[in-house]
């Protein structure tokens, strides 16, 4: 866990690799169960076997800059660009941590590989759809949401570790952190990100997409943590 203490010292494009390294420490059983459920839906399989998948579209997110203002595609592009994330490096680093045992020669292995690329996209989609920044809190909220949405067990361990760290350094933040945990859970409850065809709705207004998915507006505790938590400091005294 010593590496996590210095995660803020990494470049933004390096942090996901550090995070996913921790995730892999706690195994992939939950991830594999989520993958199996996803692949049981024929519509999901068709989405992964398209000539141009969602992962292909999002990998070249700069091309989404011409989409209408306020659309999911435009908001995704602006989010990725404004945070100066090296997406290609992000993808490469993430794939280093993908589950072992995939034999590329088999059709099933190819499908699983595409699913893994798609699962990586879930992280960025959560950031945009739920409006979580890349601050320390924003990343934590995204990881927690990813877990609740069927992600690997290590994700919730990371968020727990981060929460305890904040409370240890700022005991007065205890009740805010409890509230924010509950709020993050309820915001994503009933939201089915994996079944939503984002690739067919790139021009759809983000606010309409949130309504269609059932994403609730951020709560007071979430806004408080977003305002006062960055990679250079912990939750400030106002919490």
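The values are calculated or read from the model by the stated rules, or taken from the named source; none is laboratory data. What you are looking at is a predicted structure, and each value in this text was computed from that prediction instead of being measured. Because the Cβ atoms are built from the backbone with ideal geometry, glycine has one as well, and the counts that use them run over all protein chains shown.
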For this session: Can you give me the ranges of the helices (runs of 4 or more DSSP H) entirely in region 155-239 with at least 2 residues that are modelled with pLDDT under 95?
Result: 174-188, 220-228
Seminar exercise, completed: Checked region 143-153 for anything closer than 10 Å to residue 26 by Cα and buried (at least 22 other Cβ atoms within 10 Å of the Cβ); matches are 152
For this session: Check 166, 157 and return the single one that is touching a residue at least 24 places away in the same chain (Cβ under 8 Å) and in contact with a helix residue (DSSP H, G or I) (Cβ under 7 Å, 6 or more places away or on another chain).
Result: 166
Exercise. Considering region 120-154 alone, what residues qualify as being under 19 Å from residue 37 (Cα atoms) and either assigned to a helix (DSSP H, G or I) or touching a strand residue (DSSP E or B) at 6+ places or on another chain (Cβ under 7 Å) (or both)?
Worked result: 120, 121, 122, 123, 145, 146, 147, 148, 153
Exercise. Can you pull out the residues in region 103-121 that are in contact with a helix residue (DSSP H, G or I) (Cβ under 8 Å, 6 or more places away or on another chain) and either at pLDDT below 80 or surrounded by fewer than 18 Cβ atoms within 10 Å (Cβ to Cβ) (or both)?
Worked result: 103, 104, 111
